[in-house]
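Contents: one structure, followed by commentary.
The values are calculated or read from the model by the stated rules, or taken from the named source; none is laboratory data. Computed from a predicted model, the values in this text were never measured in an experiment. All Cβ positions, even for glycine, are placed from backbone atoms using ideal geometry, and neighbour counts span all protein chains on display.
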Amino acid sequence: MVGDVVQFLCEQGYSLQGNAHITCMPGPVRRWNYPVPLCLAQCGGSRKEVSGVILSPGFPGNYPSGLDCTWTVNLPVGFGIHLAFLNFSTEAIHDYLEIRSGTLEMGSVIDRFSGPVTPKSLFSTTHQTSFFFHSDYSQNKPGFHITYQAYQLQSCPDPRPFRNGIVIGTDFSVGMTVSFECLPGYSLIGEASLTCLHGISRNWNHPLPRCEGNTELTVSE
């Protein structure tokens with residue numbers, strides 16, 4: 001009716017293009033005061049929610065040519081994300097999606113996906129995850145529909161008490177490093193520094209070291 005206002009909200013993964021509110025205007029011909037907006041999947045973006053959606057541009061239609069899109073999921077330290085692929089179809093080899101633990105520049109590659117096969121679900125075990133999508137100038141496909149859900153990362157086992165020595169560092173979470181030193185009269189057997197590994201099962205990158213008493217006696221003349 002005249003004067004009524006309609007509000008538009010997009011589903012997860014889509015961005016609103018246009019006015020979120022439109023009003024039915026008076027006059028001999030009923031019309032809205034603004035064009036009806038659109039919900040479009042964008043090329044890249046940043047996510048901070050604990051759950052969300054990553055869509056290729058134009059989804060569910062074909063993605064355009066010549067794209068280089070980057071999405072990032074930034075969560076509090078101590079959280080990772082579980083990724084589920086609902087749809088996936090790109091031109092094999094030439095169009096691909098690369099997922100990294102960490103930033104696009106410094107993060108380690110989890111995997112690169114290309115072609116018609118929908119990947120299995122996977123985990124990113126860092127609080128920051130990056131998605132990079134590239135398309136060339138030939139074939140266009142429907143692209144991808146990915147959902148993610150945050151989960152809390154566990155810490156590596158507490159190395160204390162460390163007999164006959166001390167542990168330097170109290171943060172045993174993923175990616176953190178602790179060091180070990182022995183008390184006077186003891187020698188360190190093993191690695192002096194350990195890093196908590198990424199992965200579903202939390203473990204240090206080396207066995208825990210130990211401090212053993214020195215058996216050699218120094219005789220002074």
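Within the group Leu194, Leu188, Leu208, which residue is part of a loop (DSSP other than H, G, I, E, B), more than 30 Å from Tyr14 (Cβ to Cβ) and modelled with pLDDT of 95 or more? Explain how you work it out, then say what you get.
On the way: Leu194 fails: part of a loop (DSSP other than H, G, I, E, B); Leu188 fails: part of a loop (DSSP other than H, G, I, E, B).
Criteria check complete, one pass: Leu208.
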field: 1 or more residues of a type in the set (Val, Ile, Thr) and over 18 Å from Val53 (Cβ atoms): qualifying strands (runs of 3 or more DSSP E) within region 1-42
entry: 5-7, 21-25
statement: If we ask which residues in region 65-82 are exposed (fewer than 14 other Cβ atoms within 10 Å of the Cβ) and either within 25 Å of Lys141 (Cβ to Cβ) or aromatic (Phe, Trp, Tyr) (or both), their number turns out to be 3
query: Which one of the conditions (1) assigned to a loop (DSSP other than H, G, I, E, B); (2) closer than 25 Å to Thr126 by Cβ; (3) without any contact (Cβ under 8 Å) to a residue 40 or more places away in the chain does Ser173 fail to meet, given that it meets all the rest?
result: (3)
- request: Could you figure out which of (1) exposed (fewer than 12 other Cβ atoms within 10 Å of the Cβ); (2) over 20 Å from Tyr148 (Cα atoms); (3) charged (D, E, K, R) isn't true of Glu91?
  value: (1)
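Among the residues that make up region 107-124, is at least one of them among the charged types (D, E, K, R), part of a loop (DSSP other than H, G, I, E, B), over 14 Å from the mean Cα position of the chain (by Cα) and surrounded by 17 or more Cβ atoms within 10 Å (Cβ to Cβ)?
No, the conditions are met nowhere in region 107-124.
Would you check if there is a residue in region 125-139 being in contact (Cβ under 8 Å) with a residue 12 or more places away in the chain, part of a strand (DSSP E or B) and surrounded by fewer than 14 Cβ atoms within 10 Å (Cβ to Cβ)?
Kept after step one, since they are in contact (Cβ under 8 Å) with a residue 12 or more places away in the chain, are these residues of region 125-139: 125-139.
With the extra rule that they be part of a strand (DSSP E or B), the set shrinks to 128-134.
Subset that is surrounded by fewer than 14 Cβ atoms within 10 Å (Cβ to Cβ): none.
For region 125-139, residues in contact (Cβ under 8 Å) with a residue 12 or more places away in the chain, part of a strand (DSSP E or B) and surrounded by fewer than 14 Cβ atoms within 10 Å (Cβ to Cβ): absent.
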query: Of Val174, Val178, Val117, Val109, which residue is closer than 20 Å to Gly78 by Cβ and either modelled with pLDDT of 95 or more or assigned by TED's automatic domain parsing to the domain that holds Val73 (or both)?
result: Val178
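Does region 129-145 include one or more residues that are touching a His at 6+ places or on another chain (Cβ under 6 Å), farther than 20 Å from Cys43 by Cα and at pLDDT 95 or above? Break it down into steps so the answer makes sense when it comes.
Narrowing region 129-145 to residues touching a His at 6+ places or on another chain (Cβ under 6 Å): 136.
Then keep just the ones that are farther than 20 Å from Cys43 by Cα; that gives none.
Checked against the condition, which is being touching a His at 6+ places or on another chain (Cβ under 6 Å), farther than 20 Å from Cys43 by Cα and at pLDDT 95 or above, region 129-145 yields no hits at all.
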